[in-house]
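The values are calculated or read from the model by the stated rules, or taken from the named source; none is laboratory data. Please read these numbers as outputs of a predicted model, since none were measured by experiment. Note: ideal-geometry Cβ built from the backbone for every residue, glycine included; neighbour counts use all protein chains shown. Please note that ligands, DNA and RNA were not included when accessible areas were found on the heavy atoms of the full protein model with its side chains. Shrake-Rupley method; radii C 1.70, N 1.55, O 1.52, S 1.80 Å.
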Amino acid sequence: MAIKLIRPFQGSSSATGDVWGLQATGASTSGFSGEGVVPAILDTGIDPTHPAFAGVDLEEEDFTGQGNGDVLGHGTHCAGTVFGRDVNGLRIGVARGIKKALIGKVLDNSGSGDTQTLEDGVSWALRRGANIISMSLGFDFPGMVKSWIDDGWPADLAASNALESYRVNLRVLDAVMSLTKPRGGIHGGTLVVAASGNESKREQHPNWRIAASLPAASDEVIAVAAVGRRGEGFVVSDFSNSAALLSGPGVDVISAKTGGGLDTLSGTSMACPHVAGLAALWWEATRRGGRIPTAINVRSALIGSARREGFAGSDAEADIGQGLATAP
């Protein structure tokens, strides 16, 4: 089945210089930096020459056949949120102490891929010792239905065939994700974080929302919803898919831009790397607290520390999960 990047929306230019997500999650005042943690960003690649990544050991691997690098800028923006260094005096990264990152290009220069590139990317990240995997991408079920209808199939048969393909791919993905579990000894497993998707349309009707798509809906994956600001509080974004486990800042997020400089984007694609970066902080905090960090106890820490205060009363668990992820 085809996969595609979860395309963000251009953020408000008035937000330039306001990295509100770092304050809201407590990352800006945390005593932890993600030192010693290795994240994997499975996306459109990265611009390794960007100043935000100076001094970071970037191990790149291309699974698309189009070569390393980031034409679209999506992977660069997401990586900047996870571990980017300051740019022109502005902090953009949640976990600035990360010294090594794995960059798997699983989406090509048009933002497309398939189940095989994703499976290969996850397997590679696990072999290379990733503690955390961040994925701001999704399975294109609507696109598959449309392609069959365009080929002349009746709509009901097209939907039925696409559903069967979705089921098969869910089983495959669940099997792959089972490899991320702790396997005893000092192997703490790998925590996987994914964007829930941007297909909901709450701005047209409050009930027009759909559930998180794969891979966010897979077992062992933390699905992340996007929240924005409303006055002094927070509100779920109109576009954010439901049934997420946690929320992250996903509106007017400033991060690295391919070619240099910064860009402001909105989407669950931006919320996901916030949570991945926070997971790195919790991974380090667990280790420094004298425990062996595992995907299980870091996941528990993220859930247990999520904040529910400050949200509008209409933000139910279906919209924001357990709440906004926060730093140790």
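Set side by side, the residues 285, 276 differ, and just one is within 24 Å of residue 38 (Cβ to Cβ), open to solvent by less than 10 Å² (accessible area, probe 1.4 Å) and assigned to a helix (DSSP H, G or I), which is 276. Can you pull out the residues in the stretch 247-268 that are among the hydroxyl-bearing types (Ser, Thr, Tyr) and in a strand (DSSP E or B)? Hits for the stretch 247-268 are 247, 255, 264, 266. When 122, 168 are checked against the criterion of being farther than 21 Å from residue 274 by Cα and β-branched (Val, Ile, Thr), 168 stands alone in meeting it. A Cβ distance below 6 Å, combined with a sequence gap of six or more or placement on separate chains, defines the contacts here; from the stretch 89-110, residues that are within 14 Å of residue 62 (Cα to Cα) reach residues that are surrounded by 24 or more Cβ atoms within 10 Å (Cβ to Cβ) and among the polar types (S, T, N, Q) in the pairs 107/44. Filtering the stretch 295-320 to residues that are part of a loop (DSSP other than H, G, I, E, B) and modelled with pLDDT under 95 leaves 308, 309, 310, 312, 313, 314, 315, 316. For the stretch 187-212, which positions are over 21 Å from residue 279 (Cβ atoms), assigned to a loop (DSSP other than H, G, I, E, B) and in contact (Cβ under 8 Å) with a residue 24 or more places away in the chain? The answer is 198, 199, 200, 201, 202, 203, 206, 209, 210. With respect to the stated conditions, residue 79 is in contact (Cβ under 8 Å) with a residue 60 or more places away in the chain, within 21 Å of residue 269 (Cβ to Cβ) and touching a Phe, Trp or Tyr at 6+ places or on another chain (Cβ under 8 Å). Counting residues in the stretch 100-122 that are closer than 25 Å to residue 30 by Cβ and part of a helix (DSSP H, G or I) gives zero. Each residue in the stretch 22-48 was checked for being assigned to a helix (DSSP H, G or I), open to solvent by 10 Å² or more (accessible area, probe 1.4 Å) and closer than 23 Å to residue 195 by Cβ, and 3 pass. Residues in the stretch 10-21 that are open to solvent by 20 Å² or more (accessible area, probe 1.4 Å) and assigned to a loop (DSSP other than H, G, I, E, B) were compared, and the one that is modelled with the highest pLDDT is 19. Of the residues making up the stretch 247-258, one or more are more than 11 Å from the chain's Cα centre (by Cα) and surrounded by fewer than 23 Cβ atoms within 10 Å (Cβ to Cβ).
No other residue among 108, 120 is open to solvent by less than 50 Å² (accessible area, probe 1.4 Å), at pLDDT 95 or above and either of a type in the set (Phe, Trp, Tyr) or more than 17 Å from the chain's Cα centre (by Cα) (or both) apart from 108. Does at least one position in the stretch 53-63 carry a residue that is in contact with a helix residue (DSSP H, G or I) (Cβ under 6 Å, 6 or more places away or on another chain), under 18 Å from residue 256 (Cα atoms), of a type outside the set (S, T, N, Q) and buried (at least 19 other Cβ atoms within 10 Å of the Cβ)? Within the stretch 53-63 (the criterion being in contact with a helix residue (DSSP H, G or I) (Cβ under 6 Å, 6 or more places away or on another chain), under 18 Å from residue 256 (Cα atoms), of a type outside the set (S, T, N, Q) and buried (at least 19 other Cβ atoms within 10 Å of the Cβ)), the answer is no, since none of the residues qualifies. Selection of first residues in the stretch 293-312 that are within 20 Å of residue 35 (Cα to Cα) and of second residues that are open to solvent by 60 Å² or more (accessible area, probe 1.4 Å) and in a helix (DSSP H, G or I), restricted to Cβ pairs under 6 Å at least 6 apart or on distinct chains, gives the following pairs, ordered by first then second residue: 293/287.
Evaluating residue 224 against the criteria (1) part of a loop (DSSP other than H, G, I, E, B); (2) closer than 23 Å to residue 72 by Cβ; (3) open to solvent by less than 10 Å² (accessible area, probe 1.4 Å) leaves one unmet condition, (1). Among the residues that make up the stretch 170-184, is at least one of them among the basic types (Lys, Arg) and buried (at least 19 other Cβ atoms within 10 Å of the Cβ)? So far as the stretch 170-184 goes, no, none of its residues is among the basic types (Lys, Arg) and buried (at least 19 other Cβ atoms within 10 Å of the Cβ).
When residues in the stretch 64-92 are screened for being open to solvent by 50 Å² or more (accessible area, probe 1.4 Å), closer than 14 Å to residue 106 by Cα and either outside any loop (DSSP other than H, G, I, E, B) or not aliphatic (A, V, I, L, M) (or both), 3 of them pass.
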